[in-house]
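Derivation of every value follows stated rules applied to the coordinates shown; laboratory data play no part. On a predicted model such as this, the values are computed, not experimentally measured, just so you know. All Cβ positions, even for glycine, are placed from backbone atoms using ideal geometry, and neighbour counts span all protein chains on display.
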Amino acid sequence: MLSRALRRSLALEVALYVALAIYGCDASPATAAGVALAGVLALRATLTAVTYAYAWACHSPAPPLSPVRAVRMVLGEYAACVLSFVLIFPFERWWMAPDRLQTGADPAAGRPDARPPVLLVHGYSCSRAAWWWLRRRLEAAGWRVATISLEPIYGSIDEYVEPLARRIAAVLAETGAERLLLVGHSMGGLVARAYLQRHGAARVARLVTLGTPHQGSRIAHLGLGENARQMQPDSAWLQALASPAPVLDTRVLYSPHDNFVMPQERLQLPGATSQAIAGVGHLAMLYSPRVARALLAALAGTSNTGAA
């Protein structure tokens with residue numbers, strides 16, 4: 001389970017920093033604790049900087065950002081990295097209550113809520129905890145929201161299709177709906193497309209993807225596992241997924257300044273409706289009010305021109 005693995009790795013990392021401070025520099029316990037905190041934050045800052053350096057070296061043409069906006073984007077991505085991998089993902093049970101899918105009622109009409117439920121599918125090296133913030137925004141807007149954790153973390157994307165199919169069936173059974181809306185972040189969008197290719201669109205009304213590497217990403221060459229190899233540009237797996245074209249209404253929300261999908265033109269999916277949301281990082285999409293507004297509009301089947 002991802003949360004357990006992250007807790008263990010975080011504990012080992014902190015222990016290493018503390019040991020180096022105490023036994024290498026004769027620091028006091030209080031100083032060692034400060035060193036450990038600084039080390040945890042510095043490592044995530046370094047990883048964020050590396051992704052942006054890689055993204056800049058491989059970037060697609062995009063509208064330039066002002067220096068202030070560029071700095072704000074990088075800091076936002078760094079904050080999303082720390083929040084996700086230090087606080088939320090390792091301690092998922094503290095943050096993520098069970099899904100609440102009881103069918104709502106329309107008091108005026110005396111009938112079940114006509115809107116379909118939403119199923120959120122997380123990305124590479126993540127879990128359902130990735131949706132902590134966005135799930136709250138969707139529920140506040142009146143949507144019934146379900147989540148799923150895909151395992152093994154570094155397995156083949158094809159291994160995730162049947163668990164997703166079972167989750168879709170369970171959500172529809174619990175809500176009484178005939179179809180649902182699929183939302184995938186990053187690799188989650190590819191998992192959703194693989195499901196649609198194998199099972200068809202009978203149970204899905206619309207697909208919305210956030211920052212999905214529809215045509216692969218160069219940074220996938222640095223990733224672990226079969227799923228990372230499948231997300232490499234021009235991989236045989238992606239080529240097989242591209243045929244046939246999308247079989248239902250698909251909305252692609254992406255950042256032309258994405259720091260994980262590069263070149264950023266590979267975020268596009270031929271045949272889908274695309275919307276660019278500039279100045280937001282890959283992980284930061286999960287915590288962005290602009291992305292939330294665009295997602296709510298996409299779920300409702302409307303446009304949101306103010307998101308860029």
Exercise. For helix 2-19, report the angle its Cα long axis makes with the longest principal axis of the Cα atoms of the chain; keep it between 0 and 90° and round to the nearest 10°.
Key: 10
Self-check item: Value of [θ]222 nm, deg cm²/dmol, for the chain, DSSP H segments ≥ 4, -39500 (n - 2.57) each, nearest 500
Solution: -13000 deg cm²/dmol
Quiz item: With point charges of +1 on the Cβ of Lys and Arg and -1 on the Cβ of Asp and Glu, referenced to the Cα centre of segment 1-116, which listed residue (Leu10, Val50, Leu87) lies farthest in the positive direction of the dipole?
Solution: Leu87
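Sum up the charges of everything whose Cβ sits under 12 Å from the Cβ of Cys126, counting Lys and Arg as +1 and Asp and Glu as -1, but leave Cys126 out.
Values: positive: Arg128; negative: Glu92, Glu151.
Once all neighbours under 12 Å are counted, the net charge is -1.
Using the 2.2 N^0.38 Å rule of thumb for compact globular proteins, work out how segment 39-174 stacks up: its C-alpha Rg over that value, please.
1.33
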Quiz item: Hey, what did segment 167-215 get for relative contact order, percent, Cα under 8 Å, at least 6 apart?
Solution: 44
Exercise. Provide the three semi-axes, in whole Å and in decreasing order, of the ellipsoid equivalent to the chain as defined by the square roots of 5 times the Cα gyration tensor eigenvalues.
Key: 33, 23, 19
Practice problem: Quick one: check the C-alpha center-to-center distance for segment 43-74 versus segment 229-262, whole angstrom. | Solution: 21
Quiz item: Of Thr212, Thr31, Thr48, which has the largest mean-square fluctuation in a 10 Å C-alpha GNM of the chain?
Solution: Thr31
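Sorted from fewest to most neighbouring beta carbons within 10 Å, what does the list Trp133, Trp94 look like?
Values: Trp133 19, Trp94 12.
Lowest to highest Cβ neighbour count: Trp94, Trp133.
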Quiz item: So, with +1 on the Cβ of K and R and -1 on the Cβ of D and E, and no other charges, what is the size of the charge dipole of the chain about its Cα centre, to the nearest 20 debye?
Solution: 540
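Restricting to the chain, what percent of DSSP beta bridges are antiparallel, rounded to 5? Could the numbers behind the result be given before it?
Details: 3 of 25 bridges.
Here the antiparallel bridges make up roughly 10 percent for the chain.
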Quiz prompt | Net charge over other residues, Cβ less than 13 angstrom from the Cβ of Ala236 (K, R count +1; D, E count -1) | solution = -2
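Please get the size of the charge dipole for segment 208-308, origin at its Cα centre, with Cβ charges of +1 on Lys and Arg and -1 on Asp and Glu, quoted in debye to the nearest 20. Spell out each step's value before the answer.
Values: 6 positive and 5 negative charges, 38 e Å.
So the dipole magnitude of segment 208-308 works out to roughly 180 debye.
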Exercise. Would you work out which of Gln239, Gly223, Ala202 lies farthest towards the positive end of the dipole of segment 177-253, given +1 charges on the beta-carbon of Lys and Arg and -1 on that of Asp and Glu, about the Cα centre?
Key: Ala202
Practice problem: Please give the peptides 66-72, 224-230 ranked by average Cβ packing (other Cβ atoms within 10 Å per residue), highest first, as a rough proxy for protection. | Solution: 224-230, 66-72
Self-check item: FRET efficiency estimate (nearest 0.05) - Cβ-Cβ, Ala15 to Glu162, R0 35 angstrom
Solution: 0.35
Quiz prompt | Inter-probe distance in nm under a simple model that places probes 7 Å from Cα toward Cβ, at Ser66 and Ala242 | solution = 3.9
Quiz item: Label 7 Å along Cα→Cβ of Ser235; segment 134-167 residues with amide nitrogen under 18 Å?
Solution: 150-164
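Could you line up Cys25, Cys81 from fewest to most neighbouring Cβ atoms inside 10 Å? If you can, show how the numbers build up before the last one.
Details: Cys25 10, Cys81 21.
Ranked by crowding around the Cβ, least crowded first: Cys25, Cys81.
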